[in-house]
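K.L.:
After the structure tokens below, expect a handful of questions from me.
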Amino acid sequence: MSKNSVSTHLMFFGAASEAMELYQSEFDEFKIQEIYKYGDSDGEMAGKIKIAKVKFADHDLIIIDSPPVHDFTFTPAMSLFVDFEDTADLDHAFEVLSSNGKVFMPLDNYGFSPRFGWVQDRFGVSWQLNLKPK
């Protein structure tokens, strides 16, 4: 039997590099493993992300800039759930990711977590930020 692998695929429309820079600046665990960009002969896509393979903590991400324009983008129904051990780190990530984005659930104690917040960043990616109970 073969061993399958699963990665979360994030499709951007020209902002993949900017998004990855933001995520790298906020999360030490966000590591770009491979990155391939469109070449000069690719017209308006030149320099955009053809494919990037990222390891975010122990989770695999595939990040691309899509050349065609689609009738959809990210949905909050699919989100990156990040557990934090430190309240200050969680609060900072919430502040950074919600800047120019949208807050679905402000930071608070919702009973299932001592501190939790749900945001959509300015790129449309949804994040659930959770403080691990001690």
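K.L.:
Over 12 Å from the mean Cα position of the chain (by Cα), over 19 Å from Asp121 (Cβ atoms), loosely packed, with under 12 Cβ neighbours inside 10 Å and not hydrophobic (A, V, I, L, M, F, W, C) - does that describe any residue in region 51-60?
P.N.:
yes
K.L.:
Follow-up. With among the small types (Gly, Ala, Ser), farther than 14 Å from Tyr23 by Cβ, at pLDDT 95 or above and in contact with a helix residue (DSSP H, G or I) (Cβ under 7 Å, 6 or more places away or on another chain) as the only criterion, which of Ala52, Ala46 stands out?
P.N.:
Result: Ala46 is the single residue among Ala52, Ala46 that is among the small types (Gly, Ala, Ser), farther than 14 Å from Tyr23 by Cβ, at pLDDT 95 or above and in contact with a helix residue (DSSP H, G or I) (Cβ under 7 Å, 6 or more places away or on another chain).
K.L.:
Continuing with this model, one more query. Only one residue in Phe123, Phe72 is modelled with pLDDT under 95 and assigned to a loop (DSSP other than H, G, I, E, B), so which one is that?
P.N.:
Checking each option against the conditions leaves just Phe72.
K.L.:
Pairs please, first residue from region 55-81 and in contact (Cβ under 8 Å) with a residue 12 or more places away in the chain, second anywhere and exposed (fewer than 11 other Cβ atoms within 10 Å of the Cβ) and of a type in the set (Gly, Ala, Ser), Cβ atoms under 8 Å, 6+ apart in sequence or on different chains.
P.N.:
As it stands, the answer is Asp60/Ser5, since those pairs meet every condition given.
K.L.:
Something else now. In region 87-134, how many are of a type outside the set (Val, Ile, Thr) and touching a residue at least 40 places away in the same chain (Cβ under 8 Å)?
P.N.:
16
K.L.:
Determine whether region 89-99 contains at least one residue that is charged (D, E, K, R), surrounded by fewer than 16 Cβ atoms within 10 Å (Cβ to Cβ) and assigned to a loop (DSSP other than H, G, I, E, B).
P.N.:
No: zero hits.
Per-residue answers, yes or no, for (1) under 22 Å from Lys132 (Cα atoms); (2) under 15 Å from the mean Cα position of the chain (by Cα); (3) of a type in the set (A, V, I, L, M, F, W, C):
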{"position": "Val6", "(1), (2), (3)": "no, no, yes"}
{"position": "Leu10", "(1), (2), (3)": "no, yes, yes"}
{"position": "Ala15", "(1), (2), (3)": "no, yes, yes"}
{"position": "Glu21", "(1), (2), (3)": "no, yes, no"}
{"position": "Lys31", "(1), (2), (3)": "no, yes, no"}
{"position": "Ser66", "(1), (2), (3)": "no, no, no"}
{"position": "Glu85", "(1), (2), (3)": "yes, no, no"}
{"position": "Asp89", "(1), (2), (3)": "yes, no, no"}
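K.L.:
Of all residues in region 1-54, which are without any contact (Cβ under 8 Å) to a residue 24 or more places away in the chain and among the aromatic types (Phe, Trp, Tyr)?
P.N.:
Tyr36
The values are calculated or read from the model by the stated rules, or taken from the named source; none is laboratory data. Predicted, not measured: the structure shown is a model, and the values here were computed from it. All Cβ positions, glycine included, derive from the backbone under ideal geometry; neighbour counts span all protein chains shown.
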